[in-house]
Amino acid sequence: TDRWALSGKPDSLQIWDRTVDREIVSIQLITGAFGAVILDVCDQILVGGRDGVVRSYSCSTGALIQEISKAELGSPNYVYSLAASPDDTVVVIGTTNPQLTFWDVRGSCVLAHVPTGDYVVEVTTSNDGKYVACRATTGEVIIIETGSRQEVFRSSSTYDRIAFSPSGRLLAMY
């Protein structure tokens, strides 16, 4: 992507265009609404917050587009992590609920809630779109097959970070 999200304050977010080396827009966030961001999902930035709500803003204007409510997310206290599918049509959301939420960006609806057994503090998708990996507060790593939304792996050890290789065939857990 040629755009970055930058923030030095909990109540604002700047969208920066690296090709022209300047700020495109500054977004004033709703109080308590900063936890995780994704860029370029249907020209939107999704912000997960400390209030358990995900908000979608226009990358061009900074205007609030929609909110994914606490009820739709299963009433979490916090939204810890967001990850987009490679084609930007699905966002996977990790919260203080023991589940992953798969959100249809274009349809603006929940596709599925997948149980994880613990809070999800980190989520990432493979570049080929076949897998979602998440890390729970316990450090346990879980891999979900995207198509079936079935768990295919659960670590017996704990880890601090996860990252897929560019091919999506390998997952670094460290």
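The values are calculated or read from the model by the stated rules, or taken from the named source; none is laboratory data. Not measured: the values here are computed from a predicted model. Neighbour counts run over all protein chains shown; Cβ positions are idealised from the backbone, glycine included. When the accessible area is computed, the model is the full protein with side chains, heavy atoms only, and any ligands, DNA or RNA have been set aside. Shrake-Rupley method; radii C 1.70, N 1.55, O 1.52, S 1.80 Å.
The Cα atoms of the chain define a convex hull whose projected area, averaged across directions, is 9.6 nm².
What percent do you get for the relative contact order of the chain when only Cα pairs under 8 Å and 6+ apart count? Dividing the mean separation by the residue count of the chain yields 11 percent. Rounded to the nearest Hz, the phi-derived 3J(HN,Hα) couplings of region 20-28 under the Karplus curve 6.51 cos²θ - 1.76 cosθ + 1.60 (θ = phi - 60°) are 10, 6, 8, 6, 8, 7, 10, 10, 7, where x marks glycine and proline.
With each label modelled as a point 7 angstrom along the Cα→C-beta vector, the Ser165-Arg3 pair spans 3.2 nm. Full extension of the chain segment joining Thr158 with Thr138 gains 6.5 nm, where the gain is 0.36 nm per residue of separation less the Cα-Cα distance. Across all directions, the average flat footprint of the convex hull enclosing the Cα atoms of region 123-174 is 3.2 nm². The slack in the chain from Ser58 to Met173, taken as 0.36 nm per residue of separation less the alpha-carbon distance, amounts to 38.1 nm. Take the chain with all the other protein chains still there, run a 1.4 Å probe, and you get 48 Å² of accessible area per residue.
Split the accessible area of the chain by element, probe 1.4 Å, and carbon with sulfur accounts for 49%. Taking 0.36 nm per residue of separation and subtracting the Cα-Cα distance, full extension of the segment from Thr89 to Asp11 would add 25.4 nm.
For the modelled label position 7 Å from the Cα of Thr19 along Cα-to-Cβ, which residues of region 42-82 have backbone nitrogen atoms closer than 15 Å? Counting only backbone N, you get 43, 60.
If R0 is 30 Å, the Cβ-Cβ spacing of Ser148 and Arg106 corresponds to a FRET efficiency of close to 0.90.
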